[in-house]
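The values are calculated or read from the model by the stated rules, or taken from the named source; none is laboratory data. Model, not experiment: these values are computed from the prediction. For neighbour counting, all protein chains shown are included, and Cβ atoms are generated from backbone atoms with ideal geometry for every residue, glycine included.
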Amino acid sequence: MCRVYAFGGHTLHTHKKRYLSPNLKHMETNKLYGYLHSAAFFAGVTLIVVYFNYADISQYGPFSLHNWRQADGASIARCYYENDMRFFQPKVHHVLGGDNAAVGEFPILYYIAAGLYHFFGPHDVILRLLVFGCFTAGLWAWSKMLLRWLGSPFLSVALPLAFYGSPLLAFYGFNFLPNPAALGLGLVGAYGLMRYWENPNRDRLLFAAAFLLLGGLLKVSLLIIPIAAIGVAKWLYFVGDREKYFPDKKAFWNWLWAGAAVVGITMLWYLWASHYNKSHHSGLLMTTIMPIWKMPKEEIRRYAYEIYMWYHSIYFQKYGIWAFLALLPILLAMPRQFARPVYVLYLLVLLGSAAFLVLFYNQILVHHYYIIDIMPLAMLVFSMAVWWLHQKLGGRLRSVVLPAGVALFALISLAYGQKHLSDYYGNDQYIAPFNRSFTKQKELQEFMKEKGLTYDSTLAVVAPDVTPNVSLYYLNVKGWNTRPDENLSNADLERYALWRATTLVLSDTSYLSRPDMDQWLKHPIGVFDNSIYFYDIRPHWPE
């Protein structure tokens, strides 16, 4: 028999399992209760999908905010599909330093998407749905954790649904980047650890370790969760009351070894990824840190000013940010209000998130989606605050006012997220200079097929494009992109001809009126949508 401790500091009862809520034993014996909770959660998700208009958004390829990084991931999936599904040979469309091999995170999502392309066709919505499915599974797992902590079905559904209202999560949660998927898988792993804590057995530990590993492999920063879990276990075992928290010594060592395996395997992957990129002379996908101490002081201050003035609006609605910032020190000052495992977890996740910001501060503005990787801190902070209020309030304050407050918070957040999402797909302010004829993917691919321009036969030079892969991805050909500021000179084109480029693709008519381009425009292939011009440059190949 082992004692069981609540989310707070009180012993609830003695049982073989460590129930975290007085109502949890009843919930577990009544499976219908759990099914209804999950049904309510997914009903809420369905309404959000409709409200956010994801059905229309699903038609888009890489588009709007940071379409550069969106296209990198989508490109890996499409190139797997075009290149015989060789897992350890990930590629992109851009022929980088003479080779189009490149990798960053563990490409399992892209590989699964490519496999599904063989059954359903290479549709962008498949990768979007994979990312959204993993992300939603994580918020569902968080909801299940809250149910076990709070014993309140309404609060445990409403709080996770509020996080769909973060513009970052509303936009990237149904997109091509791995960050929301990594977050979701990490949260599923955390839920597995909670279940293992309640009743240790090997299957639950393997389940938790598998999902934590996938989260870390997709985004190394999500190792914050397993590293914090290791820290909590070691603190309780070596510093805290071992008999209270780990009466079964084997359970502790299994927890420790599983966490070490997750961290170790993740590190091995990123070492291999770094080696793969170096051996192929690819610097497209970052596998290193960009720490604050390597930045000029003026840049550090500028970044802080930009975040303070307007960038924070991408993260969450202002009331949520104010509440989060206020709760950080308040919770730090309340160590006796929470059970030791929870408070230690909070400290370690807080420290891990701070370390992440220090190590990647240089990228926070350019790669704003990095903030998704430290969302577990915000989720933990709001969970602790709602739990504390749920414990301290009584009567109607607890049964009516608190749920109403969380519901209002969720509704404000979702409205805020929907407004930003509409802007991201409809406001030119958020859309980089980009010829929208590329987005007519079905018609564009039919045109190219008619002209004999295929992935295997074409090596294209595309101008202009500030990104490595966006235009090439929509065209689905290998080649190079030329930035507007690079001017695409005769010397550049002669170099591409020497490298056996077959096709020149121009999506800006200003190139057509340049006298120095005349010789390169002598062999037109065709024009798509009166906007994208194709020319054969094979006659310019050197003898």
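If I ask for residues that are of a type in the set (Phe, Trp, Tyr), under 19 Å from Ser353 (Cβ atoms) and touching a Pro at 6+ places or on another chain (Cβ under 8 Å), which ones from region 158-183 would you list? Tyr172, the sole residue that qualifies. Hey, any hits in region 148-157 for a residue that's in contact with a Pro (Cβ under 7 Å, 6 or more places away or on another chain) and under 19 Å from Gly61 (Cβ atoms)? Looking for residues that are in contact with a Pro (Cβ under 7 Å, 6 or more places away or on another chain) and under 19 Å from Gly61 (Cβ atoms), one finds none in region 148-157, hence no. Of the candidates Leu332, Leu325, the single residue that is under 29 Å from Gly189 (Cβ atoms), surrounded by fewer than 15 Cβ atoms within 10 Å (Cβ to Cβ) and over 25 Å from the mean Cα position of the chain (by Cα) is Leu332. Would you call Leu408 more than 28 Å from His368 (Cα to Cα), assigned by TED's automatic domain parsing to the domain that holds Gln317, out of contact with any Phe, Trp or Tyr (no Cβ under 6 Å at 6 or more places or on another chain) and among the aliphatic types (A, V, I, L, M)? No, not satisfied.
Among the residues of region 467-504, the one identified as assigned to a loop (DSSP other than H, G, I, E, B) and either without any contact (Cβ under 8 Å) to a residue 12 or more places away in the chain or assigned by TED's automatic domain parsing to the domain that holds Glu82 (or both) is Asn487.
Of everything listed in (1) more than 30 Å from Pro153 (Cα to Cα); (2) among the aliphatic types (A, V, I, L, M); (3) under 25 Å from the mean Cα position of the chain (by Cα); (4) assigned to a helix (DSSP H, G or I), the single unmet condition for Ala432 is (4). Scan region 230-273 residue by residue and report those that are surrounded by 16 or more Cβ atoms within 10 Å (Cβ to Cβ) and closer than 30 Å to Gln89 by Cβ. Within region 230-273, Val262, Val263, Thr266, Trp269, Tyr270, Ala273 meet the criteria.
Residues that are in contact (Cβ under 8 Å) with a residue 60 or more places away in the chain and among the aromatic types (Phe, Trp, Tyr) were ranked within region 133-155; the one that is nearest to Tyr110 (Cα to Cα) is Trp140. Within region 438-465, the set of residues being out of contact with any Gly (no Cβ under 7 Å at 6 or more places or on another chain) and surrounded by fewer than 16 Cβ atoms within 10 Å (Cβ to Cβ) comprises Lys442, Glu443, Glu446, Lys449, Glu450, Gly452, Thr454, Asp456, Ser457.
Only residues that are closer than 18 Å to Met194 by Cα and either without any contact (Cβ under 8 Å) to a residue 24 or more places away in the chain or among the basic types (Lys, Arg) (or both) were counted across region 243-273, and they come to 7.
Listed conditions (1) out of contact with any His (no Cβ under 8 Å at 6 or more places or on another chain); (2) in a helix (DSSP H, G or I); (3) modelled with pLDDT under 95 are all met by Leu444, apart from (3).
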